[in-house]
Structures are given as C-alpha cells and as structure tokens.
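See below for the structure under consideration.
The values are calculated or read from the model by the stated rules, or taken from the named source; none is laboratory data. Predicted model only: the values in this text are computed from it and were never measured. Because the Cβ atoms are built from the backbone with ideal geometry, glycine has one as well, and the counts that use them run over all protein chains shown. Note: accessible area is taken over every heavy atom of the protein model, side chains too, but ligands, DNA and RNA are not part of it. Shrake-Rupley method; radii C 1.70, N 1.55, O 1.52, S 1.80 Å.
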Amino acid sequence: MHMLTIGAFAKASRLSPKALRLYDELELLRPARVDPDTGYRYYTTGQLERARLVAWLRRLGMPLARIREVCALDPAAAATEIRAYWARVEAETAVRRDLAAFLVDQLSQTPEMSRKDTTMLELRYAARSDRGRVRPENQDTAYAGGRLLAVADGFGPAGAPASGAAVEALRFLDTEEVPAGDVLNLLDEAVRGANDAVRDAAGGAGDSGGAGTTLTALVWTGSRLALVHIGDSRAYLLRDGALFLITHDHSVVQSMIDEGRLTAEEAVAHPQRALLLKALPGVTPTDAELRLRDAHPGDRYLLCSDGLSTVVPEPRIRALLTETPSPADTVLALVAEANGAGGPDNVSCVVADVVER
C-alpha cells in the first residue's frame with residue numbers, strides 16, 4: 001500500500017497540514033498510520049476522495065460535526081443531506097438579504113421621505129377563528145389590529161391557552177407606532193417573551209403531551225411589515241392578482257419536499273403531515289423567522305392556520321381573496337370554504353388590505 005507523508009497528502013488533497021491534524025483530532029479524517037516514535041502521520045491514496053469531500057464541504061461552510069455525519073453515509077444519503085443543508089443555507093440567506101435590502105433602503109432615505117411614507121398608507125383588516133366541523137374545541141387564536149396581525153395554532157392538551165398566550169405576548173406591539181428601524185429588535189424580544197408565555201401556559205402538559213403553538217404575525221410600521229413565523233401556519237400576499245406564499249412551513253413533510261424525498265402531491269396524504277420541526281415553546285426562540293417586507297397600496301395579506309391551507313387549494317384561496325372586496329367578508333368566505341370542505345381542523349384567518357390613508 002502506497003503511503004503519503006502528511007505534506008504530500010496535504011498537497012494532493014488541497015488541505016493544509018494544520019487542517020489535517022485538526023481533522024485527525026476530531027476523528028473526521030484519521031491517518032492510515034502514525035509513526036510510534038516520531039508521531040508523524042501517513043495517509044494512503046485511497047483516503048484522497050474522503051479528504052477532497054471534506055474540503056468541498058468546508059468550502060460550503062458546513063460545520064465539522066455535520067461533515068462527520070455526511071462522510072459516514074453512503075453516497076446517495078450523503079447527497080440528500082447536502083441538498084437539505086444547502087436548502088437551509090439558501091433560506092437563511094434570503095432572510096439576511098431581505099434585511100440587508102431594508103437597511104440599505106432605510107439608511108438611504110431622508111427624514112422627509114420617511115415621514116411621507118408613514119403618512120400615506122394604513123391597514124384595513126378583519127380576523128375570524130372557527131372550531132371547524134370535527135374538532136371538539138378551538139385551539140386557534142386570530143387577532144387583527146391597526147399594527148398587529150397574528151394567527152397561532154395551538155396543539156396538545158393545553159393548545160388553546162398556548163396559542164392565546166403567544167398572541168397576547170405580542171399585543172403590546174399594537175399599542176403604539178413602532179419605527180421601522182427598531183421593529184425587528186422589538187419583534188425578536190417579543191418572540192422570546194411569547195416563548196416563555198407559551199411554556200407557562202402549557203404548564204406540565206408541555207412535557208407530557210407536547211403542548212405548544214405555531215405563530216405567524218405581521219407588525220405594521222406605517223410603510224413596511226415585519227414578519228415573524230414559526231411552525232406551519234402561513235402568510236400569503238395577493239399583489240396585482242398573483243398569490244405568493246411568503247412563509248416556509250417548519251414541518252416534517254416540508255423538509256422532505258425540500259430534500260427531494262417527497263412531492264407536494266404526496267405530502268397531502270403523508271401520515272406525518274402534522275408533525276412540526278419548529279414551534280413554541282422551543283429550545284431556542286430565535287428559531288423563528290424574522291424579515292421585513294415593503295408595503296404597496298393594493299396589497300392584500302392573508303394569515304391562516306393550516307385548517308385553511310391544507311383543505312382549500314391555493315387557486316381557490318386566490319379566487320376568494322380576489323373576488324371578495326372587504327376583509328370582513330373575505331374571512332367569512334374563507335372559513336365557510338374550509339368548513340364546506342369538511343372542516344377537519346380549526347380554521348383561523350386574518351385578512352388585511354394596504355390602502356392609502
């Protein structure tokens with residue numbers, strides 16, 4: 001067996017000797033032989049493929065612990081894990097890109113421009129929550145105010161108190177105008193408060209029965225909307241007749257779709273479609289997505305629990321949002337549509353229009 005010194009192996013694999021020593025200590029890439037007297041490391045040419053894979057994954061920014069897991073898999077499973085990792089990187093990058101664009105825009109504006117923006121637009125809104133046709137109680141909470149829109153979908157034995165506590169923890173954001181430059185910081189603090197409030201509301205049930213809630217909310221700053229999202233409740237934007245889903249489900253089936261292991265059609269009937277990857281209370285409340293969106297006159301926003309989105313197809317949701325003029329009539333129509341399709345779950349909707357003041 002042909003052996004390479006650590007220097008020769010480093011050159012062939014494009015990894016530095018320092019990196020190779022670190023990977024040896026982490027049991028990520030062990031040398032084939034270590035000289036018992038000198039401690040000098042030797043590698044085989046057969047280890048070059050693994051070394052190059054490690055180097056490529058490091059260039060992707062993958063953490064070393066995750067690389068060790070990927071390298072232990074067969075090629076097909078490793079490809080699936082890399083695809084899933086990169087999907088998460090792209091999602092996180094999109095959030096940071098939105099924030100960067102907001103900061104550039106915010107810092108580029110003059111005070112006169114900012115004052116003009118905040119006096120031109122306002123929200124007209126309505127909220128409705130319904131038990132549905134099957135569930136014995138309503139564990140959803142829906143709220144709409146001049147500055148706060150929120151939907152929370154509770155689950156478990158204390159689901160109703162959990163969803164109510166999550167929304168209540170954000171209610172202070174509806175009491176006074178929040179400057180756009182401060183809203184993400186305030187929203188991050190509010191989510192942390194919501195996380196603690198949900199844990200308190202769930203009590204012992206959170207440990208024994210998995211009680212918790214999703215949370216999707218929008219905070220109005222007068223010219224922009226700040227979005228917070230965790231779980232599989234959804235936010236949609238209707239703009240110029242087109243409907244856009246602006247949240248990403250934190251669910252098992254959605255992760256399988258992202259990884260290419262499941263199609264959207266197969267997900268509808270998947271036995272694990274209700275399992276969440278993120279919810280409140282969570283281990284780290286910063287798992288929630290935070291982002292900012294510019295508001296345009298004529299925009300219509302829909303926040304809803306999965307009692308609507310899993311029962312009513314998106315083309316029908318778009319039609320109801322387009323054809324029904326007032327937010328109050330629209331939430332009634334959406335709830336009626338879900339119940340007309342069997343109402344298998346609680347259904348909650350918030351509809352808000354961005355209009356000129």
| Any idea of the accessible area per residue across region 154-238, 1.4 Å probe, to the nearest Å²? | 33 Å²
| said: Given a 1.4 angstrom probe, I'd like the percentage of the accessible area of region 215-322 that is carbon and sulfur, rounded to a whole number. | reply: 54 percent
| query | On a 0 to 90 degree scale, rounded to 10, what angle separates helix 111-120 from the longest Cα axis of the chain? | reply | 50 degrees
| query | Direction-averaged shadow area of the convex hull around the Cα atoms of region 1-70, nm²? | reply | 4.5 nm²
| remark: Helix 327-340: inclination vs the chain longest Cα principal axis, degrees, rounded to 10, gives 70 degrees
| task | Note down, for region 224-357, the three equivalent ellipsoid semi-axes (square root of 5 times each alpha carbon gyration tensor eigenvalue), biggest first, whole angstrom. | result | 25, 19, 13
| query | So how strong a dipole does the chain carry about its Cα centre when Lys and Arg Cβ are +1 and Asp and Glu Cβ are -1, to the nearest 20 debye? | reply | 1280 debye
| Normalised convex hull volume, the chain, alpha-carbon set, Å³ per residue | 175 Å³
| query | Between Met120 and Leu60, what FRET efficiency comes out of the Förster formula 1/(1 + (r/R0)^6) with R0 = 35 Å and r the beta carbon distance, rounded to 0.05? | reply | 0.20
| query | By average Cβ neighbour count within 10 Å, what is the ranking of 344-351, 240-247 from highest down? | reply | 344-351, 240-247
| Which angle between 0 and 90 degrees, to the nearest 10, do you get for helix 48-59 versus the longest principal axis of the chain when only C-alpha atoms count? | 30 degrees
